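Visitor: I have a structure here, written as structure tokens, and I will follow up with some questions on it.
The values are calculated or read from the model by the stated rules, or taken from the named source; none is laboratory data. In this text, all values refer to a predicted model and were calculated from it rather than measured experimentally. Glycine gets a Cβ as well: all are built from the backbone with ideal geometry, and neighbour counts include every protein chain shown. Quick note on the areas: whole protein, heavy atoms, side chains included, nothing else; ligands and nucleic acids left out. Shrake-Rupley method; radii C 1.70, N 1.55, O 1.52, S 1.80 Å.
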Amino acid sequence: MNLLFVADPLESFKTYKDSTFAMMREATRRGHSIAACEPRDLHWVSGGKVSATVRHITVDASHDPHGHAPWFTETPTSRTALASFDAVVMRKDPPFDSEYFYATHLLGRAEAEGAKVFNRAAALRDHPEKLAILEFPQFTPPTLVTRQEADVRAFHAEHRDIILKPLDGMGGSGIFRVRDDGLNLGAIIETLNRDGAQTLMVQRYLPQIVDGDKRVLVIGGEPIPFCLARIPQGGEVRGNLAAGGKGVARPITERDREIAQAIGPKLAARGLMLIGLDIIGSHLTEINVTSPTCFQEITDQTGFDVAKRFIDQLEADVAAR
């Protein structure tokens, strides 16, 4: 297959942990051709097809992620219609800002022209990573989405120990915990909602976070048998790896499987081939759809090849479409 990855700059990849790199490496091992671009490279002119200025690359399948040698070589760029690729894999990291939103519209137009995009563009737009959990309240902790300071204060008065976070954050950025004393609650609300201009999410604090914020990967509607528990370190409330959390791979629990099997097939049917569920204790806190990670950490610690499973599913879904 001829694959296009829409992603962050290739030079920014930390190959020892980057899941997109793991996908590209596995695809290369199978003989697939790889091209890459950034969302800013997408292009459309009236009367033509959505295209992109793409980098045609050769991935070094034997690359040592902890070494210093380049992990790819490339040939000159070309402007190519997205519909000419066998699959377009959207892997741009958040934030889900206006430019990401516009990129999904261009990808949606490319789908109308015959491109096969994973995850599907409309499905990405319809499932913001924080808000997607609202469809599944049976699995979530008490949660509030609001702009109103009074609503947040009432939620705190009821639950006493809460987590506040922006809807467009990633990697644990902008997450605050307010305990029973309510210390700095007003200042935190002002910071996150910008005097009522920005919506925020509030959830009851889950003490099970000390045992890890689990990332459960679901591919083609089926959960991977191992998750990555991201355990807060050094007094942090956040388990995110980007915030210094320690990643420990574990078999998924029966509760993890129950949540994944209730959500995974439903979202896969909507075009979300790959999702990442964030689960603390027995509660679902987020559904990641843009560029779920933790492939390499799980593979390195358990031997279960997540990238292989992903490319298996990609090949099957391309054939099915």
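Visitor: So if I take the centroid of the Cα atoms in region 195-264 and the same for region 1-15, what is the distance between those two points in Å?
Guide: Answer, in whole Å: 25.
Visitor: Whole-Hz Karplus ³J(HN,Hα) for region 30-40, in order, using 6.51 cos²θ - 1.76 cosθ + 1.60 and θ = phi - 60°, x for Gly and Pro?
Guide: My calculation for region 30-40 gives 8, x, 6, 8, 10, 10, 9, 8, 9, x, 5 Hz in order.
Visitor: A further question follows. Of the heavy-atom accessible surface of the chain (probe 1.4 angstrom), what whole percent is carbon and sulfur?
Guide: Result for the chain: 50 percent of the exposed heavy-atom area is carbon or sulfur.
Visitor: Moving on. Points 7 angstrom from Cα along the Cβ direction at LYS14 and GLN261: gap in nanometres?
Guide: 3.5
Visitor: Using the Karplus curve 6.51 cos²θ - 1.76 cosθ + 1.60 with θ = phi - 60°, what ³J(HN,Hα) values do you get for each residue of region 89-98, in whole Hz, with x for Gly and Pro?
Guide: Residue by residue, region 89-98 yields 9, 7, 10, 5, 5, x, x, 7, 9, 4 Hz.
Visitor: Any idea how far the Cα center of region 92-156 sits from the one of region 166-188, in Å?
Guide: 20
Visitor: For every other residue with a beta carbon closer than 9 angstrom to the beta carbon of LEU277, add +1 if it is Lys or Arg and -1 if Asp or Glu, then tell me the sum.
Guide: -1
Visitor: Charges on Cβ only, +1 for Lys and Arg, -1 for Asp and Glu, centred on the Cα centroid of region 166-318; of PRO166, VAL318, VAL202, which one is farthest towards the dipole's positive end?
Guide: VAL202
Visitor: For ASP305 and ARG194, calculate 0.36 nm times their separation in residues minus their Cα-Cα distance, and state this gained length in nm to one decimal.
Guide: 35.6 nm
Visitor: Something else now. Could you give the angle, 0 to 90 degrees to the nearest 10, between helix 149-159's Cα long axis and the longest principal axis of the Cα atoms of the chain?
Guide: 70
Visitor: Which percent, to the nearest 5, of DSSP beta bridges fully inside region 1-129 are antiparallel?
Guide: 50
Visitor: Next up: For region 198-321, take the convex hull of the Cα atoms, compute a quarter of its surface area, and give me that in nm², please.
Guide: About 8.5 nm², averaged over all directions.
Visitor: So what is the relative contact order for the chain, in percent, with contacts set as C-alpha pairs under 8 Å and at least six apart?
Guide: 18
Visitor: Nearest 0.05, what FRET efficiency do GLU74 and ARG270 give at R0 = 30 Å with Cβ-Cβ as r?
Guide: Between GLU74 and ARG270 the formula returns 0.30.
Visitor: Another one. Using 0.36 nm per residue of separation minus the Cα-Cα distance, give me the extension gain between ARG147 and ARG177 in nm, one decimal.
Guide: So the extension gain works out to 9.0 nm.
Visitor: Now for a separate question. Show which aspartates and glutamates lie in cross-link reach of LYS14 when reach means a straight Cα distance below 12 angstrom and same-chain residues fewer than eight apart are skipped.
Guide: ASP64
Visitor: Just order 202-210, 246-254 by mean Cβ neighbour count inside 10 Å, highest at the front, would you?
Guide: Those peptides, ordered most packed to least, come out 202-210, 246-254.
Visitor: Suppose a student asked you for the relative contact order of region 68-119, using Cα pairs under 8 Å spaced at least 6 residues apart; what percent would you report?
Guide: 51
Visitor: Moving on to the next point. Show that you can apply the helix-only estimate: for the chain, add -39,500 (n - 2.57) for every DSSP H stretch of four or more residues, divide by all residues, and state [θ] at 222 nm to the nearest 500.
Guide: Counting only the DSSP helices, I get -8500 deg cm²/dmol.
Visitor: For region 1-118, report the accessible area per residue in Å² (1.4 Å probe, heavy atoms, rounded to an integer).
Guide: With all protein chains present, region 1-118 gives 46 Å² per residue.
Visitor: Which whole number in µm²/s is D for region 148-239 by Stokes-Einstein, with the Kirkwood Rh taken over Cα pairs at 20 °C and 1.002 mPa s?
Guide: After rounding, the answer is 147 µm²/s.
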